[in-house]
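Structure first, commentary second.
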């Protein structure tokens with residue numbers, strides 16, 4: 001009789017010990033996994049920005065009527081096109097990783113400006129990627145471009161609209177592909 005009780009007590013102790021070990025592994029591992037996910041998201045978006053910039057520059061150099069279709073896969077963050085400052089911007093708030101020193105000063109990564117600031121929650125950062133075309137093109141100056149934000153997977157059409165006379169820069173229309 002006593003041996004049966006000992007087996008059950010041992011089983012319960014081993015089961016409880018297993019649960020404790022799993023809880024400790026999860027508590028230690030989840031922050032690392034979240035950091036890796038955030039780093040992967042920012043790295044993929046930075047790569048997408050390099051591809052987008054390369055295609056925009058090819059369209060600008062190609063002459064009026066040139067166009068390209070680019071597929072963007074933005075898993076998180078806010079993507080927008082600022083027609084006033086001629087910038088393409090991606091913001092990722094409350095990330096667990098930082099791409100540059102979190103002092104708000106832009107760091108160049110090719111043509112991309114990478115800006116990291118401290119997030120609203122302790123231990124988080126707000127990451128901003130910017131492509132500025134103010135000296136090259138007017139982005140949708142006459143309202144032809146209907147796209148202002150993108151989230152998830154989407155295709156965009158980049159089109160050279162020729163020379164705008166005031167100021168004399170190339171018209172760059174960026175629209176959603178249908």
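Taken together, the values in this text are just the output of simple stated rules run on the coordinates, not laboratory data. Keep in mind the model is a prediction, meaning the values are calculated, not measured. Please note: Cβ atoms are built from the backbone with ideal geometry, for glycine as well, and neighbour counts cover all protein chains shown.
Annotations
- Out of 11, 28, 23, sole residue that is in a helix (DSSP H, G or I) and either closer than 19 Å to residue 130 by Cβ or under 27 Å from the mean Cα position of the chain (by Cα) (or both): 28
- Taken over the range 108-134, the residue count meeting the criterion of being closer than 22 Å to residue 48 by Cα, assigned to a loop (DSSP other than H, G, I, E, B) and out of contact with any helix residue (DSSP H, G or I) (no Cβ under 8 Å at 6 or more places or on another chain) is 1.
- Matching residues, the range 52-73, being out of contact with any helix residue (DSSP H, G or I) (no Cβ under 6 Å at 6 or more places or on another chain) and under 15 Å from residue 153 (Cα atoms): 52, 69, 71, 73
- Only a single item in (1) buried (at least 16 other Cβ atoms within 10 Å of the Cβ); (2) more than 17 Å from residue 54 (Cβ to Cβ); (3) more than 14 Å from the chain's Cα centre (by Cα) is not met by residue 101, and it is number (1).
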